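The values are calculated or read from the model by the stated rules, or taken from the named source; none is laboratory data. Predicted, not measured: the structure shown is a model, and the values here were computed from it. In this analysis, Cβ positions are derived from the backbone assuming ideal geometry, glycine residues included, and neighbour counts consider all displayed protein chains.
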Amino acid sequence: MTIMQQNRSPVLNEIEPEITQMLETFGYELVLSELKGPAGAKTLTLYVDKPGGVDSDECAEMIKKVAVVLETLDTQRHNYNIIVSSPGIERPLTNEKDFERFSGRSATLTLQQAQGRQTLTGVLRGLSKGCVVIERGTDTVEVPVADLVAAHLTAN
């Protein structure tokens, strides 16, 4: 289940399953996708990962494969600049399994609540009853997944 999908492009909802399937065939995971820019000059940015990380040659190869997938979907509508990149050391956390997978690692969570936006940094401790558990010093905080606007690992 993907989280934090506010203001998501309907086009991404349409093309992402096909791109995800193709990437998984080659052993990659789609971490995050973004579609930005004005009509006619849109840029599709894909952050991909695999065990051991990805290098620039692998990203270049995936650009070609993504272009083929987009062509098969609809050549007229899917004329985008394509960028494929590693998620980097401060990898975005975009789905619930990420919070379990990276338990024990330092992370920053940005949440939107009634009282406004708040940022929390601490050590991930997984999920519990629909909440991300983060340890901040001697305190443990449970943040409802529904309140997350963004989350990423932090380098320390």
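Among the residues making up the range 143-156, those that are in a strand (DSSP E or B) and either at pLDDT 95 or above or in contact with a Pro (Cβ under 8 Å, 6 or more places away or on another chain) (or both) are 150, 151, 152, 153.
Contact annotation: no residue pair with Cβ atoms under 7 Å, 6 or more positions apart or on different chains, pairs a residue in the range 22-47 that is crowded, with 17+ Cβ neighbours inside 10 Å and among the hydroxyl-bearing types (Ser, Thr, Tyr) with a partner that is modelled with pLDDT under 90 and not in a helix (DSSP H, G or I). Within the range 127-156, being aliphatic (A, V, I, L, M), within 17 Å of residue 98 (Cβ to Cβ) and surrounded by 14 or more Cβ atoms within 10 Å (Cβ to Cβ) holds for 127, 132, 133, 134, 143, 145, 148, 149, 150, 151, 153.
When we screen 88, 40, 52 for residues that are among the small types (Gly, Ala, Ser), assigned to a loop (DSSP other than H, G, I, E, B) and touching a Phe, Trp or Tyr at 6+ places or on another chain (Cβ under 9 Å), the only hit is 88. Just one of the listed residues (122, 104) is touching a Gly at 6+ places or on another chain (Cβ under 8 Å) and without any contact (Cβ under 8 Å) to a residue 60 or more places away in the chain, and it is 122. Determine if the range 76-83 includes at least one residue that is in a strand (DSSP E or B) and either surrounded by 14 or more Cβ atoms within 10 Å (Cβ to Cβ) or not assigned by TED's automatic domain parsing to the domain that holds residue 26 (or both). The answer is yes; a qualifying residue exists. Within the span defined as the range 113-120, one or more residues are over 25 Å from residue 9 (Cβ atoms) and either part of a helix (DSSP H, G or I) or in contact with an Asp or Glu (Cβ under 8 Å, 6 or more places away or on another chain) (or both). Restricting attention to the range 1-37, the residues being closer than 17 Å to residue 93 by Cβ, in a loop (DSSP other than H, G, I, E, B) and modelled with pLDDT of 90 or more number 0. Which residue is surrounded by the fewest Cβ atoms within 10 Å (Cβ to Cβ), if the candidates are limited to the range 84-123 and must be in contact with a helix residue (DSSP H, G or I) (Cβ under 6 Å, 6 or more places away or on another chain) and over 27 Å from residue 37 (Cβ atoms)? My answer is 113.
Here the range 70-85 is the region considered, the condition is being of a type outside the set (S, T, N, Q) and at pLDDT 90 or above, and the residue that is nearest to residue 27 (Cα to Cα) is 84.
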